[in-house]
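A short write-up of the structure that comes next.
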Amino acid sequence: MTYEHKGKQYVGVLSGVGGWAGIGLAAGLTDPNAGLGAVGGYAALSSYTNLGGQLTVFALPNN
């Protein structure tokens, strides 16, 4: 995402397991149809990565 605050431009990048794919994993759901199918679709994801995420924000240089 990008946004401006007090005249300065910033870019934010969200990475990691989250959103629709991570909803079932984060909530500990086991029904494969839970989370609109996210649990069944991404059940094996926890075998390859840890839950959680990171938001990294960069300030763009002034012109």
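State all residues of region 5-27 that are at pLDDT 70 or above and assigned to a loop (DSSP other than H, G, I, E, B); if no residue qualifies, say none. Residues satisfying the conditions are Lys6, Gly7. Within region 28-43, does at least one residue satisfy the condition of being modelled with pLDDT under 80, surrounded by 13 or more Cβ atoms within 10 Å (Cβ to Cβ), aromatic (Phe, Trp, Tyr) and in a helix (DSSP H, G or I)? Yes, that holds for at least one residue.
The values are calculated or read from the model by the stated rules, or taken from the named source; none is laboratory data. Treat the numbers as computed from the prediction; the structure is a model and nothing was measured. Because the Cβ atoms are built from the backbone with ideal geometry, glycine has one as well, and the counts that use them run over all protein chains shown.
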